[in-house]
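First up is the structure itself, then whatever we jot down about it.
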């Protein structure tokens, strides 16, 4: 097996962050009644949009760095093009993550759409063919906090889902370890109403790549419970499913709130077709009135009782995203006590976490396990 320390040191140097040494990789998700993977060496570390703390999100460079930093899974958000190709972008609107706004040949494509009931103005993947999208280049989404990432603006293309799967396969061989993929269907109802459903091409891609198995290193996620139920029942997808929940509100076109889904009864209902939940991390440990880290809820225990795994989002190292008592100084872009925050969450018994800095997640996992 490739030397773990060399792999992590290489990735950390490439990212410009300290190397994580002596880390132990976790196995893939151990699911409940719908299959998955066994293991007991700690929670999964999911590279959120790749290693988006160090590279522009949803680029092959970001995904590759996540794997080299020790992520167990890489996470592409999936949207679709005019010619029905799945591509990795955080949202259908690409004005904030590509250079499309500076491209005069596409100026006329700017428009306003109603996206899940919200008016959004910009450029949208479904108005572009894949060939047109491939002429664009990725840019950093939050340059005010991640100025370092702007160094890479203009270097990377928008990847297709197949390119992500091909990268995953190559890195598994190179790093000599299993690397999972954690695709999210973005706004599936919105796309379905445009006649551009996400479900069929997603299932085709997984099956073509031999990944539609209960024990495959794949977790399919969505903020729409109906989407997951459809994948389970209508498409008979065998890969494990994870329901994402917001700290407030409801899934689009669904009368049931996220809070209702997370009750013991709601969790039991979810377990009929889902294998896990991906809650906002504040639903695991909420903040106090003064924005400090509070007391854990019963969500992890309730989900486990229903046979569901718990993989909260999103852990980030910058002060802007940390509880007040885990910040260091006043610069919102500076790093705070991110390792300590993640250790506190891991101690609740969660099964994984989404992080923009996978090396920090790997180190936090090692720290948490060392204290058991």
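Here's the yes/no breakdown for (1) under 18 Å from residue 92 (Cα atoms); (2) touching a residue at least 12 places away in the same chain (Cβ under 8 Å):
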residue: 133; (1), (2): yes, yes
residue: 138; (1), (2): yes, yes
residue: 166; (1), (2): no, no
residue: 175; (1), (2): no, yes
residue: 178; (1), (2): no, yes
residue: 194; (1), (2): yes, yes
residue: 210; (1), (2): no, no
If residue 104 meets every condition in (1) without any contact (Cβ under 8 Å) to a residue 12 or more places away in the chain; (2) surrounded by 24 or more Cβ atoms within 10 Å (Cβ to Cβ) apart from one, which number is that one?
(2)
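Report yes if residue 350 is under 11 Å from residue 43 (Cα atoms) and assigned to a loop (DSSP other than H, G, I, E, B), otherwise no. Break it down into steps so the answer makes sense when it comes.
Numbers: under 11 Å from residue 43 (Cα atoms): yes; assigned to a loop (DSSP other than H, G, I, E, B): yes.
Yes.
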Taking residue 359, is it crowded, with 22+ Cβ neighbours inside 10 Å, part of a helix (DSSP H, G or I) and at pLDDT 95 or above?
yes
Selection from the stretch 180-192 of residues that are in contact with a strand residue (DSSP E or B) (Cβ under 9 Å, 6 or more places away or on another chain) and free of Cβ contacts under 8 Å to residues at least 60 places away in the same chain
188
Could you list, in sequence order, all residues of the stretch 324-344 that are under 22 Å from the mean Cα position of the chain (by Cα) and surrounded by fewer than 22 Cβ atoms within 10 Å (Cβ to Cβ)?
333, 335, 337, 339, 340, 343, 344
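Check the stretch 235-253 and report whether any residue there is at pLDDT below 95, surrounded by fewer than 23 Cβ atoms within 10 Å (Cβ to Cβ) and over 18 Å from residue 43 (Cβ atoms).
Within the stretch 235-253 (the criterion being at pLDDT below 95, surrounded by fewer than 23 Cβ atoms within 10 Å (Cβ to Cβ) and over 18 Å from residue 43 (Cβ atoms)), the answer is yes, since at least one residue qualifies.
Looking only at the stretch 266-275, decide whether some residue is more than 20 Å from residue 307 (Cα to Cα) and in contact with a strand residue (DSSP E or B) (Cβ under 8 Å, 6 or more places away or on another chain).
Restricting attention to the stretch 266-275, the residues satisfying the condition of being more than 20 Å from residue 307 (Cα to Cα) are none.
No: the stretch 266-275 contains no residue that is more than 20 Å from residue 307 (Cα to Cα) and in contact with a strand residue (DSSP E or B) (Cβ under 8 Å, 6 or more places away or on another chain).
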Hits in the stretch 119-131 - residues which are closer than 10 Å to residue 158 by Cα and in contact (Cβ under 8 Å) with a residue 60 or more places away in the chain
none
Checking residue 282 against (1) over 21 Å from the mean Cα position of the chain (by Cα); (2) touching a residue at least 12 places away in the same chain (Cβ under 8 Å); (3) closer than 25 Å to residue 182 by Cβ; (4) part of a helix (DSSP H, G or I): exactly one of these is not met. Which one?
(1)
Regarding residue 124, is this residue farther than 30 Å from residue 365 by Cβ, at pLDDT 95 or above, crowded, with 18+ Cβ neighbours inside 10 Å and touching a helix residue (DSSP H, G or I) at 6+ places or on another chain (Cβ under 9 Å)?
yes
Note on residue 240: of the conditions (1) within 20 Å of the chain's Cα centre (by Cα); (2) over 15 Å from residue 278 (Cβ atoms); (3) in contact (Cβ under 8 Å) with a residue 60 or more places away in the chain, unmet is (2)
Given the options 252, 223, name the one that is on the phi < 0 side of the Ramachandran plot and free of Cβ contacts under 8 Å to residues at least 60 places away in the same chain.
223
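The values are calculated or read from the model by the stated rules, or taken from the named source; none is laboratory data. Just so it is clear, the structure is predicted and the values come from calculations on it, not from any experiment. FYI the Cβ positions are ideal-geometry reconstructions off the backbone, even for glycines, and counts take in every protein chain you see.
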